[in-house]
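Taking it in order: structure first as structure tokens, then the write-up.
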Amino acid sequence: MCHFPIRLRQAAGSAAVQEKEPMSRHTTFQTGGPADYFVEPEDVSSLTAMLQVCRQADIPHYIMGKGSNLLVGDKGYRGVIFRIGEKMAACQIDGRRIYAEAGITLTALARNACTAGLSGLEFAAGIPGTLGGAVTMNAGAYGGEMKDFLTAVHVLTPAGEARWIPAEQLGLGYRTSAVVSRNFIVLAAELALKEGFTEEIRARMADYAARRREKQPLEYPCAGSTFKRPEGHFAGKLIQDAGLSGYTVGGACISEKHCGFVINKGGATSADILGVCRHAAEVVADRFQITLEMEVKKLGEF
């Protein structure tokens, strides 16, 4: 165990391994305590090597992107957090097909597609996450989902094998996929889009952006839609009808602009945010006999 940090740094190569890194710096909620170790891999080989070190030492580890769907406990995370970001964000376009690495942001991916005159990813332009996270949870908005355009995904298996898997074999559903259940790590993806006109694509992206600014509390730190959509209902509408608009715990509250969003109004802790979420779920269950399930993933010690 005492040799673990040394071995991790050796496997990391030129990537810096940070100790006791505050996760509030890496989540869109801007909350979360320190991770024992935090590193952004340079490439697939260094990621694979570091994962092997973690497994050999029996050290917990977690893969994250932009932290836009993540609530890390105030006591932090005991283990290694790998952030797949700008260093693994290459993008290539060949005809109607796009090959991109997992660390590319959805905004950058959508803009690249737009510039190439490829339509289909307009819905993703305002989602504050990476391609890897979007594939993992089959992200979607405004009637579009990742599964509509994914053709294949390059994953790292629990055994450390990198291989391509056809999208239809990944069980892509509403905010879920086999990436989670099979403990895969998304390395890259291939998408097939439709030909279109750049100006029309750009106009649709601008329209979606305007709708987001109008209806969502983008001026505050948050993690997007906090709860999954219950079948036949909308989480935000249920929370609003339960009279919880503006409900506050510490620095966290249910947005009065959109009740489907829990926001950090200033100085919130992860415990505050979790307290708001639990209260909302309890009240909705009591009033309407409907279960709200958090879309935001909880990680670490609370």
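The values are calculated or read from the model by the stated rules, or taken from the named source; none is laboratory data. These numbers were taken from a predicted model, which means no experiment stands behind them. Glycine also receives a Cβ, built like all others from the backbone with ideal geometry; neighbour counts cover every protein chain displayed.
Scanning region 224-259 for residues that are in a loop (DSSP other than H, G, I, E, B), touching a Leu at 6+ places or on another chain (Cβ under 7 Å) and surrounded by 20 or more Cβ atoms within 10 Å (Cβ to Cβ) yields a single hit, Cys259. Could you tell me which numbered condition Thr105 fails, if it satisfies all but one of (1) within 28 Å of Arg9 (Cβ to Cβ); (2) assigned by TED's automatic domain parsing to the domain that holds Ala57? In the conditions (1) within 28 Å of Arg9 (Cβ to Cβ); (2) assigned by TED's automatic domain parsing to the domain that holds Ala57, Thr105 misses (2) alone. On inspection, Pro60 passes the criterion of being within 16 Å of Phe302 (Cβ to Cβ), of a type outside the set (Ser, Thr, Tyr) and either free of Cβ contacts under 8 Å to residues at least 24 places away in the same chain or in the same structural domain as Ile104 (by TED's automatic domain parsing) (or both). Restricting attention to region 128-162, the residues that are among the small types (Gly, Ala, Ser) and either in the same structural domain as Glu293 (by TED's automatic domain parsing) or more than 18 Å from the chain's Cα centre (by Cα) (or both) add up to 5. The residue pairs whose first member lies in region 286-302 and is farther than 21 Å from Thr136 by Cβ, whose second member is outside any loop (DSSP other than H, G, I, E, B) and among the basic types (Lys, Arg), and whose beta carbons are closer than 8 Å, counting only pairs six or more residues apart or on different chains, are Glu301/Arg78. Candidates Ile165, Ile201, Ile239, Ile263: the one that is in contact with a Ser or Thr (Cβ under 9 Å, 6 or more places away or on another chain), at pLDDT 95 or above and not assigned by TED's automatic domain parsing to the domain that holds Cys277 is Ile201. Against the numbered list (1) of a type in the set (S, T, N, Q); (2) under 23 Å from Ala285 (Cβ atoms); (3) without any contact (Cβ under 8 Å) to a residue 60 or more places away in the chain, Ser225 comes up short only at (3).
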